[in-house]
1. Filter the range B:164-204 down to the residues that are among the basic types (Lys, Arg) and in contact (Cβ under 8 Å) with a residue 24 or more places away in the chain and list them by number.
2. Starting from residues that are of a type in the set (Asp, Glu) and within 18 Å of residue B:98 (Cβ to Cβ), keep the ones in the range B:168-200 and report whichever is surrounded by the fewest Cβ atoms within 10 Å (Cβ to Cβ).
3. Given the options B:34, B:44, B:54, name the one that is surrounded by 21 or more Cβ atoms within 10 Å (Cβ to Cβ) and either modelled with pLDDT of 50 or more or assigned to a loop (DSSP other than H, G, I, E, B) (or both).
4. In contact with a helix residue (DSSP H, G or I) (Cβ under 8 Å, 6 or more places away or on another chain) and under 24 Å from residue A:82 (Cα atoms): does that describe residue A:51?
5. Give me the pairs, please: first residue somewhere in the range A:40-58 and at positive phi, second residue anywhere and in a helix (DSSP H, G or I) and of a type in the set (Ser, Thr, Tyr), beta-carbon distance under 9 Å, and either six or more positions apart or on two chains.
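The values are calculated or read from the model by the stated rules, or taken from the named source; none is laboratory data. Fair warning: this is a prediction, and the values are worked out from it, not measured in the lab. Cβ atoms come from the backbone with ideal geometry, glycine included; neighbour counts cover every protein chain shown.
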Amino acid sequence: MSRAADARLTATLTAASSDLLSYLQRRVGTDDAPDLLGETMVVAWRRVAELPIEPERARMWLFGIARGTLLNHARGERRRWALADRVRGHVGTDAAAPPADAGAEVRDAIARLDPELAEVVRLVHWDGFALAEAAEVLGLPPSTARGRYARAKEELRVALGVGASTGG
Amino acid sequence: MTRDTLDDLLAGSAPATRDADPALLRSMVTAARGEGAPKRARHGLRVGLGLGLGLTTLLAAGGGVAIAGGLIEWGPRYENPYNAFAFTLPSGRECETRFIVEASGGDEGPDQDAARDIERSLQAWLQTTDLQGSLNMERARRDVADIDAQSPDQTVVIGPDGWLMDVPQLPSTRTADDLQALVIDRALRSELLDHMTAEGVDLHVWSIIGGVKCAAVAP
């Protein structure tokens, strides 16, 4: 591992770790998220030779690895990382905690979508990614991501009884 | 333009998150760097679910016996695994998988006594069990097919340094060696998990971490 790559990955992980933790928390909760963050970091160090040079690509690369840990988690694999103890149990309170049932109906509607459609919606509306960035995290062509997003929103409008926007 | 009501609803549905101290996150980055390269010797038993490797033969060796005639170098972290398995891929390439058990809380705390109990139980079981005969390879192949269906843009291959690793590639890019490695890994994992479950081990607390590494390919 070159010193340059070492420094770049350290910088990229440091800059992205808070957003990575939030991304993971939104999907697996605050208890499991630190372990998945730890796994993301360890995998990133193991694959440091593949780290993209361009900072924004490097950031997306990390989210791609994080997504991989979520897939393992969904398959039932559970790993506890000692390095995650640093964060586990030491996160703050919810920044502006909404009522417990706020958004529940919408979250349920998203969860009822095909998983591939649901994740595009989450990446865009929960994590703030542009559609092109969401495509990169998912390893999809941008056109495929756009198509899935459009289908997802169509199905959500029906499920939630929300009409299309109007105006100009 | 009127903002789409649906967009507002979707944005408002995001689950709340909790911030972590930036200093703690920085220390995680440093700790992960140490974990990322298998160099550090760890004392005690770690249970970790292994990565997948596929080989045509499987030899079980209890007590951390190194196999593969020294063809595969393991870092200090895996010097004392509680079990190790060697096998040969369809190409003839030799591989080895080693497992360690990791309890929540790492190397400190009261969990270490329980970790050693689990280790002793697993060692005793492995020394008296014909793993090669008991592995359910058919179930493992079905598991791999399910994984491929659920994760069509990601798969597991033997990386350039010989470690089995996750890559953002189509499953169709796997070689026969990659696939066999993954199938055997899944079979071993299932067997270990089944035994641990039968012994009452809480899999939400304990995890098995394994390394699967293959000998270098001759140029």
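1. The first filter runs over the range B:164-204 and keeps only residues among the basic types (Lys, Arg), leaving B:174, B:186, B:189.
Across the range B:164-204, the qualifying residues are B:186, B:189.
2. Going residue by residue through the range B:168-200, those that are of a type in the set (Asp, Glu) are B:177-178, B:185, B:191, B:194, B:199.
Subset that is within 18 Å of residue B:98 (Cβ to Cβ): B:185, B:191.
Working: B:185: 27, B:191: 19.
Per the stated criteria, the residue is B:191.
3. On the way: B:34 fails: surrounded by 21 or more Cβ atoms within 10 Å (Cβ to Cβ); B:44 fails: surrounded by 21 or more Cβ atoms within 10 Å (Cβ to Cβ).
Going through B:34, B:44, B:54 in turn, just one is surrounded by 21 or more Cβ atoms within 10 Å (Cβ to Cβ) and either modelled with pLDDT of 50 or more or assigned to a loop (DSSP other than H, G, I, E, B) (or both): B:54.
4. Working: in contact with a helix residue (DSSP H, G or I) (Cβ under 8 Å, 6 or more places away or on another chain): yes; under 24 Å from residue A:82 (Cα atoms): no.
Answer is no for this residue.
5. Close Cβ pairs (under 9 Å, with a partner that is in a helix (DSSP H, G or I) and of a type in the set (Ser, Thr, Tyr)) do not exist here.
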